[in-house]
Amino acid sequence: MPKAAVSSVPNAHSFSLRHLWFPLLVLVISLVITFFFWRAIERMDVERAEQIFQAKAEEIVSQLIRRLHDHEQVLLGANALFHMQGGAVTRSDWQRYVTALKLNENHPGILGVGYSAWLSSAQKDLHIASVRDEGFPDYSIRPSEERSIYTAIIWLEPFNWRNQRAFGYDMYSEPVRRRAMDRARDTGATSITEVITLVQETKEDKQRGFLMYAPSYRWDMPTRTLEERHRALRGFVYSPIRINDFVSNTLTTLPGSIDFEIYSGADSPPSALLFSSKTLAKRVLPDDYRPTFVYDKVVEDYGVYWRFVFKTLPAFDAELRREKSYATLFAGILSSILLSALAFVQARSRRQALMIAEHMLIAKKAAEEGKVVAEQASQAKSDFLSTVSHEIRTPMTVFMGAVEQLLLIDKDSNHRQLLELASQASRRLYILVNEILDFSKIEAKRVDLDENWFNLGNCLSEAMGMLAGKAKERGVDFELEIADDVPENIVGDQYRLGQILLNLIGNAIKFTDQGEVRVVVTNIGDKLMFTVRDTGIGIPEDKIDKIFETFSQVDSSSTRRHGGTGLGLAISKGLVELMGGEIGVQSKLGQGSQFVFTLPLKHKVFTGGDLGVGDDAAHGAGEPDVRVLLVEDNPMIRELVSMYLSRRSWPTTIAVNGSDAIAKWQTGNYDLVLMDLQMPDMDGLEATRQIRQLEGGREKKVVIIGLTAHASRNVLRECIESGMNEVLVKPFESARLYAVVDQHLAK
Ligand code: ADP
């Protein structure tokens, strides 16, 4: 007996392969989407990495330039000594000033602060004699050749062994130094030299360097014109700077993931190389290594150009690789599999539940029990489907948004082609998710139907308007006929009626190659009768009983041609029946089909206010500065919405949960709050209630727009009751967000 029972229980094998096409289709579509999504995120990661790289590079440039400016102040301070002392500055004054500066601590990399006197050939001998008198009997000016102008380094503090190598050196005799000195003398501004090797350098740890000169004029002489400046020049206050010490002390640590070079001049010949972090860090890179990013920056300051060339290092690439969105790829593949499993379960469980029930009836002889089990199984499946579909909505929002953003910024036509494909595929998946969700709700009889007055003609023309383009494309005539005795306004669920009409009319156009599609509405006493008639391919007799079942399609090859999920008619039938009507079909193969459904004419019983969800306002109410508080715990949605907002240049503050939102709202002056519903700690409904309470009788109330993946009417009602102005159901596109925001701000 158990053997017989087992053989009649349906098992996986009894579920024939032809039911697998749908889950497979879902799998393929969602894998394709995952792939595109992953690539899109990867591109964004790369762009972001480049921005981070450039920002780091800019930071390094500005740190170094800032340090130069700091140092200029030291030179100007030294110069000021002459003015204070009426020109009579002595070696020991200089020594005291420089000692007080604590160069080692405060200006590492600066070798010293010196003074070089400007001398005519006539002054030379007297000058040498006076320095020798100070206690330096060997002092002379180097090089010793005769010339008309001499300069001589007489003070250079700290006067250590290294700096003593420069004592008496005539910097003006050397062309590179001379250029900077002339520039300083002529302009009166601080100048620096191109690359030089300082006379202080020895054979050990030889570095390149440069000098910074501030011209020093006699305090009691005018310096307005070039000639006056020439006449007034007394010498130069200057500093020798060793570049490696200067850079490494300024930056504290050299970046590990970026190499950079500094060239003196706007070009980069090797001879102009001032600094190389690669050489300093003794880094060896593989011969074939090519940096991922290169950033080139030329800065003009102190009369010279400095060219910075930044290059990424392998450590940077490793970082980028680590951040790559493998998690997205993995999550995407996982949810693809989940989604197709769902489709599989959906297609199979209904049949199976019925068969189990039947089996139980026979095997155990307990009819009631069998039914309860079947119902429970069906309920559990519906719950599961609806939970998972909701979970899919959030990543879908991010995906569709990311593709939309990429389409806005990516100008490459190959990329755009791929992105358009991804966008189409995501729309398809979105429709599918919605249909599965809808169907599971209908099956579990958990659809909240609206009962409001609405204009029937508008509802019909809206549905037909959405499909008019398609009808025209297929060369099919499109007619609407409403009998005179049909009331203009009726009570019911406008949105759901629209959904049924879209499905039936959409099918009629889809399956008609020539002729017409005609929609007729008549009044048959206490009911309205809607007829959608086409002159299309028709439905074979043996299939006509089955087409209202889920995933049933007359010819699966037509799916490839026409698209579709096989859920539309099952949903339409479910909705019509929930509304108290009936649906049926008549058809002749090759001649056409006629779908008819009825709806009871109702009188208004429910007087709930219009939720205002879903009406699209025109976009473009000018560009006022809208201060936004974005409350959202999911970082991906946060980033996406922030991106949407930044396109309108709206300053945005982020809060990550309800209590954070309240704290931020209290200290800021916001025009708009975008409030996610489900958040840890305090959810969006509670946060909204508290904000409204805190606002009290205030005249200007902030606009609060809810963001949710739960489109059920109860949730939407709760949102409005908590004080939200409107709710956006995920996924939404930027245009929808702007439209809703503009509409409410205009109020
Ligand atoms: P689909 O998304 O595949 O169109 P439906 O449930 O809406 O799913 O339709 C199920 C099947 O019924 C279609 O695949 C098609 O074979 C058949 N069908 C529906 N409407 C028509 C029609 N007007 N003419 C011919 N066949 C139709």
Per-residue accessible area, 1.4 Å probe, largest first, puts Leu285, Leu685 in the order Leu285, Leu685
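Two decimals, Cα atoms only, Kirkwood Rh: what is Rg/Rh over segment 485-527? Display every interim value, and only then the final one.
Working: Rg = 13.0 Å, Rh = 12.4 Å.
That ratio is 1.05, to two decimals.
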Here FRET efficiency (C-beta to C-beta, Glu479 to Leu31, R₀ 45 Å, nearest 0.05) is 0.60
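State, to one decimal in nm², a quarter of the convex hull surface area for the C-alpha atoms of segment 163-286, i.e. the direction-averaged projected area. Mind showing how you got there, number by number?
Numbers: hull surface 40.2 nm².
Mean projected area for segment 163-286: 10.0 nm², to one decimal.
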In nanometres, the difference between 0.36 nm per residue of separation and the alpha-carbon distance of Ser461 and Ser649 is 63.9 nm
Note: segment 200-250, point scatterers on Cα, Debye, no solvent; log10 I/I(0) at q = 0.15, 0.22, 0.27, 0.28 Å⁻¹ equals -0.58, -0.77, -0.99, -1.04
quick shape note, segment 616-712: Cα extents on principal axes in Å, largest first -> 34, 33, 28
note: segment 19-140, Cα-Cα separations exceeding 24 Å make up a percent value of 62 percent
Violations at 24 Å Cα threshold for listed pairs Lys56/Lys282; Lys203/Lys282; Lys445/Lys602; Lys510/Lys602 -> Lys510/Lys602
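Quick one: if you take sqrt(5λ) for each eigenvalue of the C-alpha gyration tensor of the chain, what semi-axes come out, biggest first, whole angstrom? Could the numbers behind the result be given before it?
Working: eigenvalues 1359, 165, 111 Å².
Result for the chain: semi-axes of 82, 29, 24 Å.
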Quick calc: nm separation of the 7 Å Cα→Cβ label points for Ala100 and Val284 -> 5.1 nm
Taking Cα atoms only, helix 635-647 is inclined relative to the longest principal axis of the chain by an angle, in degrees rounded to 10, of 70 degrees
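Hull surface divided by four, with the convex hull built on the Cα atoms of segment 391-519: how many nm²? Numbers along the way, then the final one.
Values: hull surface 43.2 nm².
That works out to 10.8 nm².
Convert 25 °C to kelvin, take the viscosity as 0.890 mPa s, use the Kirkwood radius over C-alpha pairs of segment 240-288 as Rh, and evaluate the Stokes-Einstein diffusion coefficient in µm²/s, rounded to a whole number. Intermediate values should be presented prior to the final figure.
Numbers: Rh = 11.9 Å.
Here the translational diffusion coefficient equals 206 µm²/s.
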Note on segment 661-747, DSSP bridge orientation, antiparallel percent to nearest 5 equals 0 percent
Dividing the alpha-carbon radius of gyration of segment 50-118 by 2.2 N^0.38 Å, where N counts its residues, gives 1.49
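Would you kindly calculate the translational diffusion coefficient of segment 425-469, applying Stokes-Einstein with the Kirkwood radius from alpha carbon pairs, for 10 °C and a viscosity of 1.306 mPa s, and quote it in µm² s⁻¹ without decimals?
Details: Rh = 13.0 Å.
So the translational diffusion coefficient is about 122 µm²/s.
Show that you can apply the helix-only estimate: for the chain, add -39,500 (n - 2.57) for every DSSP H stretch of four or more residues, divide by all residues, and state [θ] at 222 nm to the nearest 500.
Numbers: 23 runs with 369 residues, N = 747.
Only helices count here, giving -16500 deg cm²/dmol.
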Rounded to the nearest Å, the spacing of the alpha-carbon centers of segment 423-496 and segment 86-106 is 87 Å
The simple spin-label model distance between Val294 and Ala266, using points 7 Å out along Cα→Cβ, in nm, is 1.9 nm
Each label sits 7 Å from Cα toward the beta-carbon; between Glu375 and Ala88 the label points are separated, in nm, by 11.4 nm
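Within the chain, what whole-number % of the accessible surface is contributed by carbon and sulfur, with the 1.4 Å probe and all protein chains included in the calculation? Spell out each step's value before the answer.
On the way: 19700 of 36840 Å².
Accessible surface attributable to carbon and sulfur in the chain totals 53 percent.
What are the equivalent ellipsoid semi-axes of segment 383-449, built from the alpha-carbon gyration tensor (square roots of five times its eigenvalues), in whole angstrom, biggest first?
Numbers: eigenvalues 199, 21, 13 Å².
So the equivalent ellipsoid measures 32, 10, 8 Å along its semi-axes.
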For segment 81-148, the Cα gyration tensor yields equivalent-ellipsoid semi-axes (√(5λ), largest first, whole Å) of 26, 16, 12
Order by accessible surface, 1.4 Å probe, largest leading, for residues Asp625, Asp633 comes to Asp625, Asp633
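The values are calculated or read from the model by the stated rules, or taken from the named source; none is laboratory data. Just so we're clear, the structure is a prediction, and the values are computed from it rather than from any experiment. Methodologically, a virtual Cβ is constructed for each residue, glycine included, from the backbone with ideal geometry; neighbour enumeration extends over all protein chains shown. Side chains are part of the model used for accessible areas, which takes the heavy atoms of the whole protein and leaves out ligands, DNA and RNA. Shrake-Rupley method; radii C 1.70, N 1.55, O 1.52, S 1.80 Å.
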